[in-house]
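A short worksheet on the structure shown next.
The values are calculated or read from the model by the stated rules, or taken from the named source; none is laboratory data. Since this is a predicted model, take the numbers as computed values, not measurements. Glycine also receives a Cβ, built like all others from the backbone with ideal geometry; neighbour counts cover every protein chain displayed. The accessibility values were calculated without ligands, DNA or RNA, using every heavy atom of the protein model including side chains. Shrake-Rupley method; radii C 1.70, N 1.55, O 1.52, S 1.80 Å.
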Amino acid sequence: MYKNNMNLNTDIQSISTPSEFVKLKAQIVNNGVSYSAFKQSLRVNYQKVYFLIFLPFLFLFLSIFIGHYVEITFATNILAKIITSIFVAGFIGLVLHSMQNIMHAAIHYDLHPNRITNDRIANFTVGLFSACEVKQGRKIHSLHHSISGSEKDPESSYLQPLNYKKIISYFTGIEILKYILKIDKKIETNKDDKIKFTDKIMYILNAHRFFSLIVHLSFLYFFYFILNSHVLVFAWIYGFFAFFPFFSSVQNIMEHGEEKIEKEKNDYILKPVNRNFSSNFFSKYILGSYGTNKHALHHWDPAIHFLNVEETTDFLLKSNYAKTVKNYEAAYMDTFKKVFN
């Protein structure tokens, strides 16, 4: 649609923060088309959005069906049942992670042009499975956008070192427990007063999470009493409490975590880090689904709809600031190696 811009010699500038991008975007031009004009030309196909919301549910039920089939057909001993349980748990955790990426899109009002309808869709679909309520999630995520790279960032898993100890912590359920017990602090980052334990419990178990609990218990009831499947019971619980937070946290670390060498070089002084990942199948549809693979762009301009991040990235890579944008390109596996301590 847009031809390559011949002026690609603009000096490299930092656009780690949204304010830096705001200053820069007025100068961005691709073949005579300004960034603002390009944004105005973007359209959102909401029929495609609804189809993409449906997909994780399809894969969730497929994982249940295939897992149960493997259990009754091939898992004839304890070891086979354990291996099957872990594989199914991993797939369930990945689907829940994908649902959480949809919730991220909903936080930015990407599911429906009407904001009230957007929130209802989020809460009564993916929210019931991820146990995330969109308005509460929006408060936390808004702070993440405004203070990314700070110790007060509520989505701060990327500030912690990624190592074997941390991975073990995820798969023993310790990390999800720590997150739950600190969730009240994630919304009010300057709140130093300790609240009563009962108030914390009431805050955690809000009405939305109560309904989410009912949904999860209904599935567990079906697995145990109807299907008589211990494999699915374990896989569902372990997928939610271990694999789900692991995938989500690893994604966050890949997006914002500083490289080990850079941290040592800068004497561990915190700074905002954002990355744009490739558009291959794994990046676009597995770990960085629903536009989160272009995460640097998302932080520069959160108003870009997740369906339009690829086109917008392509526009920027052919603009007079192509060199600057390329400076934020990354690959998940390469980044994992660089941030692993």
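So how many residues does the stretch 211-250 have that are buried (at least 20 other Cβ atoms within 10 Å of the Cβ), in a helix (DSSP H, G or I) and more than 21 Å from the chain's Cα centre (by Cα)?
4
Just to be sure before I move on: is Lys263 at negative phi, open to solvent by 70 Å² or more (accessible area, probe 1.4 Å), modelled with pLDDT under 95 and of a type outside the set (Phe, Trp, Tyr) in the structure I sent?
So Lys263 fails the test.
Ile53 passes all but one of (1) open to solvent by 10 Å² or more (accessible area, probe 1.4 Å); (2) farther than 20 Å from Ile304 by Cβ; (3) within 17 Å of the chain's Cα centre (by Cα); which number fails?
For Ile53, the exception is condition (2).
Identify, from the list Thr324, Thr335, the residue that is of a type in the set (S, T, N, Q), at pLDDT 95 or above and either open to solvent by 10 Å² or more (accessible area, probe 1.4 Å) or more than 22 Å from Met99 (Cα to Cα) (or both).
Thr335
Just to be sure I understand the filter: pairs with C-beta atoms under 6 Å, separated by 6 or more residues or on different chains, first member in the stretch 279-290 and of a type in the set (D, E, K, R), second member open to solvent by less than 60 Å² (accessible area, probe 1.4 Å). Which pairs pass?
These pairs meet every condition: Lys284/Asn293.
Does the stretch 12-46 hold any residues that are assigned to a helix (DSSP H, G or I), hydrophobic (A, V, I, L, M, F, W, C) and within 25 Å of Arg275 (Cβ to Cβ), and which are they?
Passing the criteria: Phe21, Val22, Leu24, Phe38.
State all residues of the stretch 126-178 that are part of a loop (DSSP other than H, G, I, E, B), open to solvent by less than 30 Å² (accessible area, probe 1.4 Å) and of a type in the set (A, V, I, L, M); if no residue qualifies, say none.
Result: Ala131, single match.
Given the conditions (1) at pLDDT below 95; (2) open to solvent by 10 Å² or more (accessible area, probe 1.4 Å); (3) within 23 Å of Pro272 (Cβ to Cβ); (4) outside any loop (DSSP other than H, G, I, E, B), which single one is not true for His104?
It fails just one condition, (1).
Give the residue, chosen from Leu297, Leu307, that is free of Cβ contacts under 8 Å to residues at least 60 places away in the same chain and touching a helix residue (DSSP H, G or I) at 6+ places or on another chain (Cβ under 9 Å).
Answer to the check: Leu297.
Just to be sure before I move on: is Ile253 touching a residue at least 40 places away in the same chain (Cβ under 8 Å) and open to solvent by 40 Å² or more (accessible area, probe 1.4 Å) in the structure I sent?
Here the answer is no, as Ile253 does not meet what is asked.
Can you spot a residue in the stretch 78-89 that is at pLDDT 95 or above, open to solvent by 80 Å² or more (accessible area, probe 1.4 Å) and not β-branched (Val, Ile, Thr)?
Yes, there is a match, as at least one residue in the stretch 78-89 is at pLDDT 95 or above, open to solvent by 80 Å² or more (accessible area, probe 1.4 Å) and not β-branched (Val, Ile, Thr).
Of all residues in the stretch 282-309 being of a type in the set (S, T, N, Q) and closer than 19 Å to Ala331 by Cα, which is surrounded by the fewest Cβ atoms within 10 Å (Cβ to Cβ)?
Top of the filtered list is Ser283.
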